[in-house]
Amino acid sequence: MRVNLTVNGRATAADDVWEGESLLYVLRERLGLPGAKNACEQGECGSCTVYLDGTPVCACLVAAGQAEGREVVTVEGLSRGDAPLPGAGPAHGDVSGEGLHEVQRAFLDAGAVQCGFCTPGLVVQAHALLAEADGVPSDADIREALAGNLCRCTGYEKILDAVRLAATRLGPPP
Amino acid sequence: MDFLRPRTWAEALDLKAARPEATPIQGGTDVMVEINLDKGRPAALLDLTPIPELREWSREGDVIRLGAGVTYSRLIGELEARLPGLAQASRTVGSPQIRNRGTVAGNLGAASPAGDSHPPLLACDAVVEAESVRGARLIPIGEFYTGVKRNALAPDELIRAVRVPVARGPQYFSKIGTRNAMVIAVCSFSIALHAAERRVGTGVGSAAPTPRRAVAAEEFAAARLDWRGRSPLDPDVAGRFGELVAGAAAPIDDVRGRAAYRTHALAVLARRALGWAWADFRAGTGADSSAGSGGGDDRGSQ
Ligand SMILES: Cc1cc2nc3c(=O)[nH]c(=O)nc-3n(C[C@H](O)[C@H](O)[C@H](O)COP(=O)(O)OP(=O)(O)OC[C@H]3O[C@@H](n4cnc5c(N)ncnc54)[C@H](O)[C@@H]3O)c2cc1C
Ligand code: FES
Ligand code: FES
C-alpha cells in the first residue's frame, strides 16, 4: 500500500508498504531517515522515539498505515537549516555541530553520547520534556520522562547533565 | 494482510461485521509487538485511530464515558481527580511513550491478567460498552474477563467506550515490579471506598487467570469499618482484609514471581491500600470534590 505523511515538514509518500509494517521501518528503510534507531521493536528501549502529531511515541509500535495523513518529526527534523534531509547528501555531513538543536548540542557537550545508539530517541524525548518544562526540570521529572529510553553505555548521569544543560541554555519559555 | 481504515464508527462496525477475523488496532502497543516479533500475523488490521468520537470522553451524570481511543496520558492529565484509581494505574503503565499511545480499551481487548487498568475498573464497577451492527450492549466489568487473554466480546463487536463511575471516596492502586517504569505487574491491587454506600470495591491483578474482585474481603471490610464514627483503622481488620484479598487469588509460579510470593505481596498491598484509603476517608480527602455538583470539564476530545 501507499502511505502519505508529512515528515520533518515535508509532504512525502512511501510505496510498497507492507500492511503490518511499522512507521519505524518506513522512516528508516523507505524514506532514508536512519536517525530513529531500531533496537528492540517492542517499545522497551525508546531508541525509535519520534513525534507523531506533536506527541513522542515509539515508531516501532505505530503501524505504517496509522501514520497516513499525519505529521512526523524525527531527530533529523530537530536540527535547523542544514539538517540532512533525504537526498540532500550524506547523513553524517555536518560534523561541525552547527545547526544542531540545543538539546543535541547539550548531549555532545555533556558527554552524554558514547556509542550513540540511544541518543536520537533520548534527544526527541528530552526535547519533548523541555518543550513542556518551566525552567530546569527536577531530577525526578527527568528520570520519569526518560524512563522509557534505555542506554547501555553512559550510566545515565551524563544524560541527566545534558538535559539540565539544555534546559539552562534554552532559558525560561517565552 | 489488509489494512482497513474506517473513517466513521458506523463504517468500523460494518467492517468488523464483514471481517470478524480483523484485529482492531489503537495504540498498537500490544498488537504491533506481536507482529514485530512474529508471534502471529493478523489477517487484517482494523485501524480505529481515525475515528474522532473514540478519542472523546464525557461526563454523563455520575459516570465518565471514556471513549475507546483516549490514551493513558490524556486520562492522567484530564481525569485524575474524577477517576483517581484508574489514573494511578495508568501512571504505572510502561513509559511516557507507551502511555501516549496505549488505551484502556486496548488493555481490555488484550485482557492480560496483568493489565493495569483491570483492578481499578473492577474496584469501581466499570461497565464496558460494546457495539456491533447488531446493536450496543453494556457488559459489567466482572463479566468481561473470561480467561487468560480472553474477553466477552463477540467476534463482530468493538469496544466503543468504558463507563467508569466518578469516585465517591478514596481510591488507590498499587503494583509490585522490579523498577518504577516499564514493569508488567508481578501482582497488583486496587481499592475504592464507596463511602455513601458504605461499600468497599477491590480488584486483584496478575494473580489468577483473570483479573478478579476479592468479594469476601470487600464484605468483611464494609461490615467492620467504622463508617459513622470514622475511628482509626483497627490493625487486625487491616490484616484480616489483606489475608482475605490474598485468599481470593489463585496465582501461579512464573518468570516474574512465585505463587507464594504473589500471595504474600498481595496481602501486604491490600493491607496498606486499605490504610491509605481509610486515612483519606477520615481526613475527608481523596474523593472527587466536584462529584455531583458539576465543576471541572464535562468533556474532552483530541
Ligand atoms: C514497552 C511496553 C510496556 C507496557 N507496559 C504495560 C504496563 O505497565 N501495564 C499494562 O497494563 N500494559 C502494558 N503494556 C501493554 C499495553 O501497552 C497495554 O495493554 C495497552 O493498554 C494497550 O492499548 P493499545 O491501545 O496500545 O492497544 P492495541 O495494541 O491497539 O490493542 C490491544 C488489543 O485490544 C484490541 N482492541 C483495541 N481496541 C479495541 C476496541 N476498540 N475494541 C475491541 N478490541 C480492541 C486489539 O485488537 C488487541 O487485541 C506495555 C506494552 C509495551 C510495549
Ligand atoms: S525499537 Fe522501538 S522502543 Fe525499542
Ligand atoms: S550511548 Fe550507547 S546506548 Fe546510550
Checklist entry - Which FRET efficiency, nearest 0.05, do B:ASP38 and B:SER301 yield, Cβ-Cβ r, R0 41 Å? => result 0.70
Checklist entry - For region A:23-44, which residues drop by 30 square angstrom or more in accessible area between the chain on its own and all protein chains together (1.4 Å probe)? => result A:GLU41, A:GLN42, A:GLU44
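How much accessible area is lost when chains B and A come together, counting both sides, with a 1.4 Å probe, in Å² rounded to the nearest 100?
On the way: alone 13410 and 8940 Å², together 20060 Å².
By this definition, chains B and A bury close to 2300 Å².
Just the number please: accessible area per residue for chain B, 1.4 Å probe, all protein chains included, in Å². Don't skip to the end; give the middle numbers.
Working: 12250 Å² over 302 residues.
That works out to 41 Å² per residue.
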Checklist outcome for this item: Given a 1.4 Å probe, the accessible area of region A:92-170 per residue, as a whole number of Å², is 49 Å²
Item to check | Spacing of the two label points (7 Å from each Cα toward its C-beta) at B:GLU143 and B:GLU60, in nm | outcome: 1.7 nm
Next on the checklist: In whole Hz and in residue order, list the ³J(HN,Hα) couplings for region B:73-82 that follow from phi through the Karplus curve 6.51 cos²θ - 1.76 cosθ + 1.60, θ = phi - 60°; x for Gly and Pro.
Outcome noted: 4, 6, 4, 5, x, 10, 10, 4, 5, 8
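Report the full-extension gain for the segment B:ARG179 to B:TYR261: residue separation times 0.36 nm, less the Cα-Cα distance, to one decimal in nm. Could you put the intermediate results ahead of the total?
Working: separation 82, 0.36 × 82 = 29.52 nm, distance 1.68 nm.
Taking 0.36 nm per residue and subtracting the Cα distance, the gain is 27.8 nm.
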Checklist entry - When the helices in chain A are scored as -39500 (n - 2.57) per DSSP H run of 4 or longer and the sum is shared across all residues, what 222 nm value do you end up with, to the nearest 500 deg cm²/dmol? => result -7500 deg cm²/dmol
Checklist outcome for this item: Filtered hits (lysines, Cα-Cα < 24 Å from A:LYS37, offset >= 8 within chain) -> A:LYS158, B:LYS39
Checklist entry - Under the definition of Cα pairs under 8 Å and six or more residues apart, what whole-number percent is the relative contact order of region A:3-76? => result 41 percent
Next on the checklist: Angle check, please: helix B:259-283 long axis (alpha carbons) against the longest principal axis of chain B (alpha carbons), in degrees 0 to 90, nearest 10.
Outcome noted: 70 degrees
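How high is the relative contact order of chain B, in percent, with contacts defined as C-alpha pairs under 8 Å that are six or more residues apart?
Relative contact order of chain B: 18 percent.
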Next on the checklist: Suppose a student asked you for the relative contact order of region B:171-283, using Cα pairs under 8 Å spaced at least 6 residues apart; what percent would you report?
Outcome noted: 28 percent
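Measuring with a 1.4 Å probe in the full set of protein chains, what accessible area per residue, in whole Å², belongs to region A:3-76?
Numbers: 2440 Å² over 74 residues.
With the other protein chains kept in place, region A:3-76 gives 33 Å² per residue.
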Item to check | Rounded percent of accessible protein surface that carbon and sulfur make up, chain B, 1.4 Å probe | outcome: 50 percent
Checklist entry - Mind listing the phi-derived Karplus ³J(HN,Hα) values for region B:144-151, rounded to whole Hz, using 6.51, -1.76 and 1.60 with θ = phi - 60°, and x for any glycine or proline? => result 7, 8, 10, x, 4, 6, 10, 9
Checklist entry - With Rg and the Kirkwood Rh both taken from Cα atoms, where does Rg over Rh land for chain A? => result 0.96
Checklist entry - What's the average, rounded to a whole number, of partner chain beta-carbon atoms within 10 Å of each residue's beta-carbon in B:32-39? => result 6
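The values are calculated or read from the model by the stated rules, or taken from the named source; none is laboratory data. Owing to the predicted nature of the structure, the values given are computational and were not obtained by experimental measurement. Glycine also receives a Cβ, built like all others from the backbone with ideal geometry; neighbour counts cover every protein chain displayed. Each accessible area value is taken on the protein alone, full model and side chains, heavy atoms only, with ligands, DNA and RNA left out. Shrake-Rupley method; radii C 1.70, N 1.55, O 1.52, S 1.80 Å.
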